[in-house]
Amino acid sequence: MSTVLITGAAGMLGSAVVESAPVGQDVVGVTRANGDLTDGDTARATFAAHAPHAVIHCAAYTDVDGCTRDPQRARRNNAKATALLAQECAERGTRLVFLSTDYVFSGAKAEPYKEGDTPDPINPYGESKLAAERAVAELLDDYLIVRTQWLYGPGGSNFVSAILNRAQAGEPLQVVEDEFGSPTYTFDLAPALWLAVASELRGTVHITNSGHCSRVELAAAALQAAGLADTGIEPIASADWPSPTARPLHAILDNSRWVQAGYPPLRPWQEAVEDFIATHFSR
């Protein structure tokens with residue numbers, strides 16, 4: 001039976017991908033405990049041990065402010081590790097599905113970004129992910145770069161969980177009102193990644209939950225779904241948020257290539273948020 005290797009299998013997205021695997025699919029999940037993927041020997045040993053026919057590469061250093069404070073770590077964990085995996089895939093004819101981000105764009109475009117738009121990241125995290133994208137494209141023919149954004153789900157740090165936890169604790173909520181995107185539920189994205197790995201799509205594709213909103217709108221929807229609608233939200237400008245990192249304010253991703261290829265769009269973000277909270281959030 002063919003094997004699919006999942007990197008970052010203990011992370012918020014990777015664990016959802018492992019759990020969402022098709023019945024009968026042979027899956028190998030690797031985590032940091034299995035070795036450092038920024039080390040070439042580890043990457044080679046991983047491939048030698050499992051001989052995967054495809055890889056879904058979810059592992060990444062996603063602490064955006066951490067990347068700003070330590071750009072070298074960002075490059076090492078995001079760009080170098082991906083390049084080493086891509087090299088192993090190239091040598092063995094292995095398909096690679098690589099998870100990337102809206103942060104490869106500046107967010108200065110008025111309309112949603114399409115796959116062919118020129119990347120122009122404005123922070124070290126975005127720069128490291130773009131470097132990873134370029135390594136994949138240079139080293140491989142059989143690859144698919146999947147850009148997504150605003151991920152949330154069980155088992156990891158994310159905006160939706162942070163809002164609910166702070167509201168439950170009675171903490172004041174200040175939320176950025178001028179940043180827009182498509183909140184994407186890991187358990188909606190994960191099945192799409194299994195379709196992607198089996199597809200004939202090559203190059204780059206954008207996959208998010210349908211629709212878009214501001215951070216304030218997302219926070220309000222999460223609070224409503226959790227029965228915490230009375231919690232007050234103070235809208236603030238992104239410039240007033242205490243962070244060393246510039247963020248793309250309007251990096252909404254256009255999903256039309258995915259849909260035009262015949263794959264179902266992910267459900268509206270509002271439905272996904274309600275499902276996540278009903279399933280995983282305890283009042």
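The values are calculated or read from the model by the stated rules, or taken from the named source; none is laboratory data. Just so we're clear, the structure is a prediction, and the values are computed from it rather than from any experiment. Heads up, the Cβs are rebuilt from the backbone with ideal geometry, glycines too, and the neighbour counts pull from every protein chain shown.
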Neighbours by Cβ (under 9 Å, 6+ apart or cross-chain): first from the stretch 90-117, farther than 22 Å from Ala60 by Cα and in contact (Cβ under 8 Å) with a residue 60 or more places away in the chain; second acidic (Asp, Glu) and buried (at least 22 other Cβ atoms within 10 Å of the Cβ) | Tyr113/Asp102
Condition set farther than 20 Å from Ser106 by Cβ and crowded, with 19+ Cβ neighbours inside 10 Å, scope the stretch 202-212, selection nearest to the chain's Cα centre (by Cα): answer is Ile207
What residue, of Tyr185, Tyr152, Tyr143, is surrounded by 19 or more Cβ atoms within 10 Å (Cβ to Cβ), hydroxyl-bearing (Ser, Thr, Tyr) and more than 16 Å from the chain's Cα centre (by Cα)?
-> Tyr143
Give the stretch 1-51 a look and list any residue that's of a type in the set (S, T, N, Q) and either part of a loop (DSSP other than H, G, I, E, B) or farther than 20 Å from Arg76 by Cβ (or both), or say none.
-> Ser2, Thr3, Ser15, Ser20, Gln25, Thr31, Thr38
Only one residue in Ser210, Ser256, Ser243 is in contact with a strand residue (DSSP E or B) (Cβ under 6 Å, 6 or more places away or on another chain) and either closer than 30 Å to Asp141 by Cβ or among the hydroxyl-bearing types (Ser, Thr, Tyr) (or both), so which one is that?
-> Ser210
Only one residue in Thr94, Thr62 is over 22 Å from Arg257 (Cβ atoms), at pLDDT 95 or above, hydroxyl-bearing (Ser, Thr, Tyr) and buried (at least 23 other Cβ atoms within 10 Å of the Cβ). Which one?
-> Thr62
Could you tell me whether Gly170 is crowded, with 19+ Cβ neighbours inside 10 Å and not acidic (Asp, Glu)?
-> no
Verdict on Arg32 being among the basic types (Lys, Arg) and more than 20 Å from the chain's Cα centre (by Cα) | no
Counting only helices (runs of 4 or more DSSP H) wholly inside the stretch 52-154, the ones holding at least 1 residues that are in contact with a strand residue (DSSP E or B) (Cβ under 6 Å, 6 or more places away or on another chain) are 81-92, 124-139
